[in-house]
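What follows is calculated from the coordinates using simple rules that are stated; it is not laboratory data. Since the model is a prediction, treat every value here as computed from it, not as a measurement. Every residue, glycine among them, receives a Cβ derived from its backbone with ideal geometry; neighbour counts consider all protein chains shown.
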Amino acid sequence: MTGGNTKKADLAFFRNLVQRQIRQDYLENITGFAWLVLQPLILLAVYAFVFTTIFKSRIPDSEVGFVAYLAVAFWPWTAFSESILKATHSITGNAALIGKVAFATEQLPLAMVCATFLMNMIGYVAVLLVLQLIGTDIHWLYLPLAIPVLVLLCLLACSIALFTSAIQVFVKDTGQILPPLMTLWFFMTPILYSPAQLPAGLANVMAWNPMNWFVFQLRELLLFGRINAGLTEVLTLLGVVALAALFLAFFRRFSGHFEDFF
């Protein structure tokens, strides 16, 4: 088989993996698809009630309401977190397939992340429409500019998923350790609050959180209609690409030993 045919076969196999995951998780039962939309909406409603009704939270120096400020960042985080947690088990969960079929095993976590992101982005558009209907001015003309930001976020999730899915093969507790770590990461990301509300020292430390950039960009584009393009954006792009290359190399380095630990 020539190199071109091999690439076509790999692409077709990857596409089938993504389609299979979408069917299994969302399309083969009504509750799976409905829960895709309902779960984040329920969580969003809970957070909105707690922080706006009980704690009377407000976003300082912002013309948008707390719910919109939360929602625009919350849904991409959900896609990011859920895709990593699911993909972590993609190698151990497909041990039989790896033993029977010759293919690039990194396709398993990557397909899981892509399938999860694709379906969650459908929910994201629905949330933006709901925000528009309840009075938030969504800047739809900037949505095409938000798509590259979301693609880069997906690439970051793919990078981490390559690492965690490989580690899960050798350290079986990885899947139990990750959820609380992702919860900690969620609260360290300015989704429920503005960075301006943090003490200066803490804000400087938390500025190193890579998720800050994605949250900031999506809010700037969709809520405020502002474009930010500069050195920070270039460095973020290069950093995510470098991390993806590093973790792909890590995954491939240890993938030859996976079957020894199944």
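Quick look at the numbers
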quantity: Within the chain, helix-based [θ] at 222 nm, where runs of 4 or more DSSP H residues each add -39,500 (n - 2.57), nearest 500; calculated: -23500 deg cm²/dmol
quantity: Helix 30-48 vs. the chain, principal-axis angle (Cα, 0 to 90°, nearest 10); calculated: 40
quantity: Zero-based 5 Å bins, Cα pair distances in the chain, whole percents; calculated: 1, 5, 11, 15, 18, 16, 13, 9, 6, 3, 1, 0, 0
quantity: Cβ-based exposure ranking for I177, I22, in which fewest neighbours within 10 Å come first; calculated: I177, I22
quantity: Nearest-ten-degree value, helix 174-188 long axis tilted from longest Cα axis of the chain; calculated: 20
quantity: Acute angle (nearest 10 degrees) that the helix 3-22 long axis makes with the longest principal axis of the chain, alpha-carbon atoms; calculated: 60
quantity: Under 23 Å from the Cα of K86 - lysines, other chains or at least 8 residues apart; calculated: K100, K172
